[in-house]
Amino acid sequence: MTQRKHSYDIKNILIAGGAGFMGSHLCDELVQKNRVICVDDFSTGTIENINHLLQHPNFKFIRHDFHEPLDLERFPELVPFQITFQGIQEIYNLACPTSPREYAKLPIETLRANAFASYFLLELAAKYDAKYLLASSSAVYGEPVNDQPFREDYWGFIDPVGPRSCYNEGKRFAESLTMNYRTHRKVDAKVARVFNTFGPRMRLTDGRLVPNLVSAAIENTPMQISGKPDATSTFCYISDMVDGLVKFMASSQGGPMNLGSDAAIPLVEVAEKILAITKSSSSIEHVEPSPFTHRQGVPDIRLAKEHLGWFPTVSLDDGLTQTIDAMRGSRVLSYQPETE
């Protein structure tokens, strides 16, 4: 291990999966006071998410597939970051497809991301004595039992060979790898269990609820909700989630720690809010769930409140308004206002 206990005025931070929805917002936040190395293979991320950062002097992008280790010291574009001397101070691992539609198409890639990317990034953390944070998922809990909020000490109940297993079991393996590096290699490694998050830059075609409903509402086509009419989920706006991840990284906590909204909202209510904001004439339809759909649980976020002073502050209405405004302006979705 390369020991680098110095304190630097500007930290070097690596964000794997940094061109994705959540990763790009994390880049936006951290590049303000740090040097950020964004690594992505564009399997689900897009260059559009980080275009506005490419000319920033403290931002560098590296296209890399984590099927192979990453040698940061061989990239000439990183010379200004003085990797050989300063190393890396923090590593955020968001390198994994997250929507059911994505990992349904990329099951092997999803498993490899959780295995190989986690391993190579943890090796980098060990080499540079860097802090490491894994963005895990509420999927490790499976479906809720007796509608009780998920506590971090709940082990979950998951089908290890079902349609979602590439993601659920992949995240469980990544968590185990992370905690074993923490215990046996003394890496300052953390596990964040991320619950449903939404906001601008979500891929409009990735199959998740909010972009599906917004797209349908703006196009005045039926808004489809999978599952029972009384189905609920939780919705955390992206700026709140980024704030939670950054506070977790800065803390002495290792986790696992839940990050998400602890308010269960009926999906019909979400659809009705989107209808009101968009002034759409769309109808709301209930359809049979896909094999990748499961009942959503609610996080118990007492640990985050106690140890990080963190809880979501952006209301669902405000978050949806900002998300819809961004999606209307997206080049992927053209919006034409109704004529009278």
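Below, the figures for the structure above:
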item	result
Nonlocal amide H pairs with I284, under 5 Å, H built at 1.01 Å	M223
Using distinct alpha-carbon pairs, which all enter the 1/r mean, Kirkwood radius of the stretch 100-172 in Å	13.7
In degrees, nearest ten, helix 267-278 long axis to first principal axis of the chain (Cα)	80
Under 18 Å from K127, Cα to Cα: lysines that are on another chain or at least 8 residues apart	K5, K11, K186, K190
Computed E for L54/D230 - FRET, C-beta separation, R0 41 angstrom, nearest 0.05	0.35
Radius of gyration, Dmax [the chain; alpha carbons; angstrom]	19.9, 68
Rounded tilt (10° steps) of 238-250 against the dominant C-alpha axis of the chain	30
5 angstrom amide H check on A95, placed H, neighbours 5+ away	none
Using a Förster distance of 22 Å, the FRET efficiency for K127-K33 (Cβ separation, nearest 0.05)	0.35
Built amide H within the under 5 Å cut-off of S226, gap 5+	V287
As computed over the stretch 133-260, the Cα convex hull volume per residue (Å³)	132
F173, F85 arranged by Cβ crowding within 10 Å, fewest neighbours leading	F85, F173
Calculated from backbone phi, Karplus (6.51, -1.76, 1.60) coupling profile of the stretch 165-175 in Hz, x at Gly/Pro	5, 4, 8, 4, 6, x, 5, 5, 5, 4, 5
Centre separation in Å (Cα based) which lies between the stretch 181-218 and the stretch 62-84	25
Förster radius 41 Å - calculated FRET efficiency between F157 and V79 (Cβ-Cβ, nearest 0.05)	0.25
log10 of Debye I(q)/I(0), alpha-carbon scatterers only, for the stretch 132-184 at 0.13, 0.30 Å⁻¹	-0.34, -1.21
Surface/4 of the Cα convex hull for the stretch 12-88, nm²	4.8
Globularity index of the stretch 199-257, i.e. its alpha-carbon radius of gyration over 2.2 N^0.38 Å	1.53
Relative exposure of T46, T232, T278, T313, judged by other C-beta atoms within 10 Å (fewest first)	T313, T46, T232, T278
Exposure proxy ranking, count of Cβ atoms within 10 Å, fewest first, for V314, V39	V314, V39
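Only the coordinates and a few stated rules stand behind these numbers; no lab work does. Quick caveat, the model's predicted, so the values are computed rather than measured. Every residue, glycine as well, gets a Cβ built from its backbone with ideal geometry; the counts of neighbours run over all protein chains shown.
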